[in-house]
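Working notes, structure below.
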Amino acid sequence: QNPLPPAARARGPGAGFGQLKPMRALADWEVPELIGVFTDIDDTLTTAGAITPDALQALADLKAAGLHVVLITGRPMGWSVPFAQSWPVDAIVAENGAVALVHAEGQPLHKRYQQDTATRAANFTRMQQVLERIERTVPGAQRARDSSGRETDIAIDHSEFTHLPQPA
């Protein structure tokens, strides 16, 4: 099912980006020295919500080749911790870039935030107020099921588990 509104679907893929060009083969890239790889998690490394053995092996192979491996996700920090602890990665950047779970040699997993503690606390209070208002005023909107593990943002389920009514 295409999640785009009808007008966007009618414009076709790449609409608004001009003429799309084919991607060059990786072997043709001029890269002075590759030091690492950034990748998304959901539906990039995972299939049907789980990491596949070949994707896990690919992460291990990248690490074995001496490359840094950093995973990126909009998912909450709490959701990301078990993966940061068990997958062969240097870090997971979660909550749309607001927090990173970082491995340091011989150290436990460490959280790094974009904002200081006081700013995060003030923002968290305000975001919870906004979330409550959205749930009261937008029919069918509800906080995402993974909200309990969030520290720096809010997520509203609009299509993953709940489907809002569409205009006629």
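Note on the range 33-115: enclosed strands (runs of 3 or more DSSP E) holding 3 or more residues that are within 23 Å of R150 (Cα to Cα) and among the hydrophobic types (A, V, I, L, M, F, W, C) are 68-72, 91-94, 99-102. Of all residues in the range 75-90, those satisfying the criterion of being open to solvent by 10 Å² or more (accessible area, probe 1.4 Å) and out of contact with any helix residue (DSSP H, G or I) (no Cβ under 9 Å at 6 or more places or on another chain) are P82, F83, Q85, S86. Within the range 29-57, work out how many residues are without any contact (Cβ under 8 Å) to a residue 12 or more places away in the chain, open to solvent by less than 60 Å² (accessible area, probe 1.4 Å) and more than 13 Å from the chain's Cα centre (by Cα). Within the range 29-57, residues that are without any contact (Cβ under 8 Å) to a residue 12 or more places away in the chain, open to solvent by less than 60 Å² (accessible area, probe 1.4 Å) and more than 13 Å from the chain's Cα centre (by Cα) number 3. So in the range 151-168, with the set limited to residues that are part of a loop (DSSP other than H, G, I, E, B), acidic (D, E) and modelled with pLDDT of 80 or more, which one is surrounded by the fewest Cβ atoms within 10 Å (Cβ to Cβ)? The residue in question is E151. Among residues of the range 112-139 that are at positive phi, none has a Cβ under 7 angstrom from a residue that is open to solvent by 60 Å² or more (accessible area, probe 1.4 Å) at a sequence gap of 6+ or on a separate chain. Total residues in the range 133-150 satisfying the condition of being outside any loop (DSSP other than H, G, I, E, B) and within 20 Å of G78 (Cβ to Cβ): the figure is 5.
This table checks each residue for (1) out of contact with any Asp or Glu (no Cβ under 9 Å at 6 or more places or on another chain); (2) open to solvent by 40 Å² or more (accessible area, probe 1.4 Å); (3) over 26 Å from F38 (Cα atoms).
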residue	(1), (2), (3)
T73	no, no, no
I92	yes, no, no
V138	yes, yes, yes
Q142	no, yes, yes
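Somewhere in the range 62-70, is a residue under 14 Å from I41 (Cβ atoms) and surrounded by 13 or more Cβ atoms within 10 Å (Cβ to Cβ)? Don't jump to the end; show me each part of the working.
Narrowing the range 62-70 to residues under 14 Å from I41 (Cβ atoms): 69-70.
So of that shortlist, the ones also surrounded by 13 or more Cβ atoms within 10 Å (Cβ to Cβ) come out as 69-70.
Yes - at least one qualifying residue is present in the range 62-70.
Being small (G, A, S) and over 20 Å from H68 (Cα atoms) is a condition met by no residue of the range 106-114. Among the residues making up the range 85-94, a single one is at pLDDT below 95 and either small (G, A, S) or more than 20 Å from L62 (Cβ to Cβ) (or both): S86. One residue stands out among those in the range 135-150 that are under 22 Å from the mean Cα position of the chain (by Cα) and not small (G, A, S): the one that is modelled with the lowest pLDDT, which is D146. Please determine whether any residue of the range 102-121 is farther than 10 Å from T152 by Cα, modelled with pLDDT of 95 or more and open to solvent by less than 50 Å² (accessible area, probe 1.4 Å). Yes - at least one qualifying residue is present in the range 102-121.
The values are calculated or read from the model by the stated rules, or taken from the named source; none is laboratory data. Note that the structure is a prediction, hence the values are computed from the model and not measured. Because the Cβ atoms are built from the backbone with ideal geometry, glycine has one as well, and the counts that use them run over all protein chains shown. Ligands, DNA and RNA are excluded from the accessible area calculation, which covers all protein heavy atoms including side chains. Shrake-Rupley method; radii C 1.70, N 1.55, O 1.52, S 1.80 Å.
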